Amino acid sequence: MSSRALRRLKGEQRAQAALHALKLTEEDDKEEDEQMKTNTQTAHKQKNISNIFELIGEADVDVCPSDEEPAEGINDRQQGAPMGKDAVKNEKSKKKKKKKSPAENGKDNLGTGDNIDAILETLEKSKGLSHRSTDNSASEHRPVLYVEHRNLNPETELKKYFGARAVLGDQRSKQRQRQFHRCSWMTVYKDTWPRFSRPGISMSLVESKDGIQHFTFEHNRDYQQVQFKFFDAVESMEPNNIVVLLQLNPYHIDSLLQLSDVCRIQEDQETARDLIERALYSFECSFHPVFSLTSGMCRLDYRRPENRAFYLVLFKHVIFLEKRGCPRTALEYCKLILSLDPDNDPLCMLLLFDFLCLRCREYTTLIHLYEEWEVHRNLSQLPNFSFSVALSYYHLSQQEDISPVENQQLKQKSNVLLQNALIMFPAALMPLLDLCTVQPDAAVSSHAFFGPSIQTGQPPALSELLSLYVGRCHSLWKEAGQMLWLEENVRKVLKRVDAHDPYVEDCQNKRKQRYQSAPRNIHRHVLMSEIKEATATLPLRPEDRQEVARAGHELNQEVNRLMVAMRDMLANIQFREPQWEDNQDRDEEEWD
């Protein structure tokens, strides 16, 4: 509670106390038969005063003494009972009994302003404990894609690492000077941004069916005109034209996205991230009143062009958060993107979900998603889930607060999953060891199962998935303990291969039948991730193949023309003997 609210609260209490004393003096002159009615009204008014504090804290906190004690005191004074020594002693003893601990005394004497801070602090602590216990009990029953509002703010994660003073800095002193803007969950308005004005984007509810609400973004006519100007600026291949357009329309989404890419290419990461956050703020200000980020029941169709920019802004924000060192916040946004269309997953966030879970040590979250979605999504056929789930079980087995029996079960589970992953995707081992700068054993490198023929003979879609996983997650395997665990299981895999385990042949048949062509959402993910190991494996589109074939045909024709011209030139060259002039003074050893 702010100091202004506390001062207002103290003023209301003093006013109520003065009013109460004034009424007591006026009621002394009334007749004896009206005293009971006066006592009842006074007690009722005191209960109304206590309701103010009940709104602040818990409802069961005693704000004033019991209703019987004030009534007795008022009756004695109004009836004119003599205050003898015994009565004075009794009254003093009652006052002494009322004196308790400082916290309890603050509950009884709310009229004194010195104890209000202690009361509010006590109430906030008790309320925080109750909320914390409620959150712990409710977290066990939350869905796997549950999104928490507080985890969408990267400052929440940074405060855990560095403290509030290091993260906020001098922002607290500037809070009174800054202007108040609309409250938002995904990002906070910055004073360095231009003054916000609605760019012409709105959200509408398309339909609501079976508890699922489908929304879509819409552009008004003015925003569409800005879009046409943006297309012209992009075709001009001049970034300054986009800057000029953004100066006139500071919250145009596509201009913010394009200029952010330009700044990122020029290694200006701070400006690139700031532009993405400004686009997020513009989107959030246009949300429908019913649209919820945390319910998991709101859908956005990626096939609609107006909705694609929201997906792109969220994806780029996830990448910036991970690079900034906020993997827990990035995981929350990853779940948010996945909840917008979990069936189609247009940006294939499942290829990033496991990496963020391992980075922020949310091992149970990854295992929970794997167990729920494996039946209908076949997550084990993705190399990233096959290896990452095994790594999650390994990390859980390394915890110190588990029993030896549980430790043995988790370790055995991790060994089985890792061996199955190596048998299903043997081409991932050598590139992984290469990026981790680890020299494999001679028995491993010389074995045909992990040899070069496995990598060259696999389908192109599988090469794309393996390259993406190795390029992104190789840093998670660099610890010495994990390498020893990997080496141990690689040796067991070679024994199973030499023993002609039926599972090895089964996985080989699956690799031949599947992974012939990757869906389009995987290609989108690889292009936006910009991992060089994966982008090199992207297949050419049909129009690209035609262009390459046409360029190759033209190149062959030019080379043939050049070869013919060179043959003609060489054929027409005639060598003639030099004609020496008769010169008697010429030295025979002198060069001409």
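The values are calculated or read from the model by the stated rules, or taken from the named source; none is laboratory data. Values in this document were obtained by computation on a predicted structure and should not be read as measured data. All Cβ positions, even for glycine, are placed from backbone atoms using ideal geometry, and neighbour counts span all protein chains on display. Side chains included, ligands, DNA and RNA excluded: accessible areas come from the protein's heavy atoms. Shrake-Rupley method; radii C 1.70, N 1.55, O 1.52, S 1.80 Å.
Across region 339-361, what is the total count of residues that are open to solvent by less than 50 Å² (accessible area, probe 1.4 Å) and either in contact with a Leu (Cβ under 6 Å, 6 or more places away or on another chain) or more than 24 Å from Leu422 (Cβ to Cβ) (or both)?
Count: 13.
Which members of region 350-372 meet the condition of being of a type in the set (A, V, I, L, M, F, W, C) and touching a residue at least 40 places away in the same chain (Cβ under 8 Å)?
Within region 350-372, Leu351, Leu352, Phe355, Leu358, Leu369 qualify.
Under the condition of being of a type in the set (A, V, I, L, M) and crowded, with 18+ Cβ neighbours inside 10 Å, which residue from region 197-245 is farthest from Asp261 (Cα to Cα)?
Of everything passing the filter in region 197-245, Met203 is farthest from Asp261 (Cα to Cα).
Before we move on, is Val226 touching a helix residue (DSSP H, G or I) at 6+ places or on another chain (Cβ under 8 Å) and over 24 Å from Leu331 (Cα atoms)?
Answer is yes for this residue.
Just to be sure I understand, how many residues within region 277-297 are surrounded by fewer than 20 Cβ atoms within 10 Å (Cβ to Cβ) and free of Cβ contacts under 8 Å to residues at least 40 places away in the same chain?
3
Of the conditions (1) buried (at least 20 other Cβ atoms within 10 Å of the Cβ); (2) farther than 20 Å from Gln227 by Cα, Gln269 fails just one. Which one is it?
Checking Gln269 against (1) buried (at least 20 other Cβ atoms within 10 Å of the Cβ); (2) farther than 20 Å from Gln227 by Cα, the one that fails is (1).
Among the numbered conditions (1) more than 22 Å from Gly296 (Cβ to Cβ); (2) open to solvent by 30 Å² or more (accessible area, probe 1.4 Å); (3) of a type outside the set (Val, Ile, Thr), tell me where Ser386 comes up short.
(2)
Restricted to region 298-317, and to residues that are open to solvent by 30 Å² or more (accessible area, probe 1.4 Å) and under 23 Å from Arg273 (Cβ atoms), which residue is nearest to the chain's Cα centre (by Cα)?
Here the residue is Lys316.
Inside region 404-441, can you point out the residues that are among the aliphatic types (A, V, I, L, M), open to solvent by less than 30 Å² (accessible area, probe 1.4 Å) and not in a helix (DSSP H, G or I)?
none
Which count do you get for residues in region 257-276 that are closer than 23 Å to Cys326 by Cα and touching a residue at least 24 places away in the same chain (Cβ under 8 Å)?
Looking only at that region, the number is 7.
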